[in-house]
Amino acid sequence: MFNNYILESLKLTNPKNIYEFENALREISQKIILYALAQTSFFKNVAFYGGTCLRIFHGLDRFSEDLDFQVIREDYKLDFDQYMSKCITVLESYGLKSIVYSKSDYDSGEVRRRYIKISHYDIANEYFGKINMNKEKLLSIKIEVSTVFIPGAKYEMKLLNSPMFSNIYCFNYESLFAGKLNALIRRNWRERTKGRDYYDYMFYVSHNIKMNLDYLKNKLKYSLNKDTSDYTIDDIKELLKGKFEQTDFNSLKSDIIPFVSTDYNLDNINKEMFISSLEYLGVE
């Protein structure tokens, strides 16, 4: 039996098809996972960042798939599975049948990851009435923790108000922006263009958010493996301008479409707009 919170939250979002339904249920589940983690020692050692953090706590107007975290001290050794067990217990208390999916290589390298997979046929059937979908289909939420500590970030405690009041330790707005700028700059031409990075960049700029330059320089030093200590805002703008000039803006739109409402107009996403936006960049 589903907890009333699930169905009432879905009604507030009012998804009109299965794609919107899955986005809405994923976000509801993400909040339940954050609530579960807040009941443990998890946020004593890591902070929440990335697109889902930006959406939940700062109103980003697109859905986000993953939960991303980063360690906040050098000497922390992550025991992932104890926290995932708590997440499954809490999800199932809300009526969401869930499993943790992992492979051996998910614990190798600098980023540790798990997938929480949620059975959602029954709740989709209850919400829509009879629906044509695969009963075995699972909703997937990727949870990643970057285990490399990068100094210079600033943090803040944010209040999660749903499903229950919880304190979530997060990167602050300016440090989130620095992390996004690093992602834009470091992805090379061999990697798939992530339209979501560009979309989020414009969200920060349109909200007049300044960057945490010290943290960005440290991130770039690690990402690019070069000395960035003397980088200025002008250097950052030049790096971004070069990236925008090389970007195929038509192809990146297809990456954004699944995460925004069906009536969102993507026609204004173009090279000229992004290059012009650089004049609005500033440092906190």
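Evaluate the stretch 61-76: report whether one residue or more is surrounded by 15 or more Cβ atoms within 10 Å (Cβ to Cβ), in a helix (DSSP H, G or I) and within 14 Å of the chain's Cα centre (by Cα).
Applying the first criterion (surrounded by 15 or more Cβ atoms within 10 Å (Cβ to Cβ)) to the stretch 61-76 yields 62-72.
Filter once more, keeping what is in a helix (DSSP H, G or I): none.
For the stretch 61-76, residues surrounded by 15 or more Cβ atoms within 10 Å (Cβ to Cβ), in a helix (DSSP H, G or I) and within 14 Å of the chain's Cα centre (by Cα): absent.
Given the conditions (1) at pLDDT 95 or above; (2) within 16 Å of the chain's Cα centre (by Cα); (3) closer than 25 Å to Phe259 by Cβ, report the number of the one that Ser98 does not fulfil.
Failing condition for Ser98: (2).
Just to be sure I understand the filter: pairs with C-beta atoms under 6 Å, separated by 6 or more residues or on different chains, first member in the stretch 266-284 and in the same structural domain as Glu238 (by TED's automatic domain parsing), second member among the acidic types (Asp, Glu). Which pairs pass?
Matching pairs, first to second residue: Glu284/Glu174.
Failed condition for Cys53, given (1) modelled with pLDDT of 95 or more; (2) surrounded by fewer than 18 Cβ atoms within 10 Å (Cβ to Cβ), with all others met?
So Cys53 meets the others, but not (2).
Tell me, which residue of the stretch 110-127 that is in contact with a Ser or Thr (Cβ under 6 Å, 6 or more places away or on another chain) and of a type in the set (Val, Ile, Thr) is surrounded by the fewest Cβ atoms within 10 Å (Cβ to Cβ)?
Val111
Just checking, how many residues over the stretch 86-95 are polar (S, T, N, Q) and closer than 11 Å to Arg114 by Cβ?
So the answer is 0.
Sort out which residues of the stretch 161-172 are aromatic (Phe, Trp, Tyr), touching a residue at least 12 places away in the same chain (Cβ under 8 Å) and more than 13 Å from Gly50 (Cβ to Cβ), and write them in order of number. Give the derivation first.
The initial filter retains those residues of the stretch 161-172 that are aromatic (Phe, Trp, Tyr), namely 165, 169, 171.
Retained after the next criterion (residues that are touching a residue at least 12 places away in the same chain (Cβ under 8 Å)): 169, 171.
Across the stretch 161-172, the qualifying residue is only Tyr169.
Write out, first by first residue and then by second, each pair whose Cβ atoms fall under 6 Å of each other, whose residues are 6+ apart or on separate chains, and whose first residue, in the stretch 111-127, is in the same structural domain as Tyr19 (by TED's automatic domain parsing) and more than 17 Å from Ser29 (Cα to Cα) while the second is assigned to a strand (DSSP E or B) and of a type in the set (A, V, I, L, M, F, W, C).
Arg112/Val145
Of all residues in the stretch 1-58, which are in a loop (DSSP other than H, G, I, E, B), closer than 21 Å to Lys117 by Cβ and not hydroxyl-bearing (Ser, Thr, Tyr)?
Taking the stretch 1-58 first, the residues in a loop (DSSP other than H, G, I, E, B) are 1-3, 14-17, 39-41, 45, 50.
Still in the list and also closer than 21 Å to Lys117 by Cβ: 1-3, 15, 40, 50.
Matches in the stretch 1-58: Met1, Phe2, Asn3, Pro15, Gly50.
Residues in the stretch 128-147 that are surrounded by 14 or more Cβ atoms within 10 Å (Cβ to Cβ) and closer than 16 Å to Phe21 by Cα: how many?
7
Going by the structure shown, is Leu138 hydrophobic (A, V, I, L, M, F, W, C), in contact (Cβ under 8 Å) with a residue 12 or more places away in the chain and more than 30 Å from Asn218 (Cβ to Cβ)? Spell out how you get there, then give the answer.
Working: hydrophobic (A, V, I, L, M, F, W, C): yes; in contact (Cβ under 8 Å) with a residue 12 or more places away in the chain: yes; more than 30 Å from Asn218 (Cβ to Cβ): yes.
It is true that Leu138 is hydrophobic (A, V, I, L, M, F, W, C), in contact (Cβ under 8 Å) with a residue 12 or more places away in the chain and more than 30 Å from Asn218 (Cβ to Cβ).
In the stretch 210-223, how many residues are buried (at least 22 other Cβ atoms within 10 Å of the Cβ) and closer than 14 Å to Leu278 by Cα?
Residues meeting the conditions: 1.
The values are calculated or read from the model by the stated rules, or taken from the named source; none is laboratory data. The shown structure was predicted, so the numbers you read here are calculated from the model rather than taken from an experiment. FYI the Cβ positions are ideal-geometry reconstructions off the backbone, even for glycines, and counts take in every protein chain you see.
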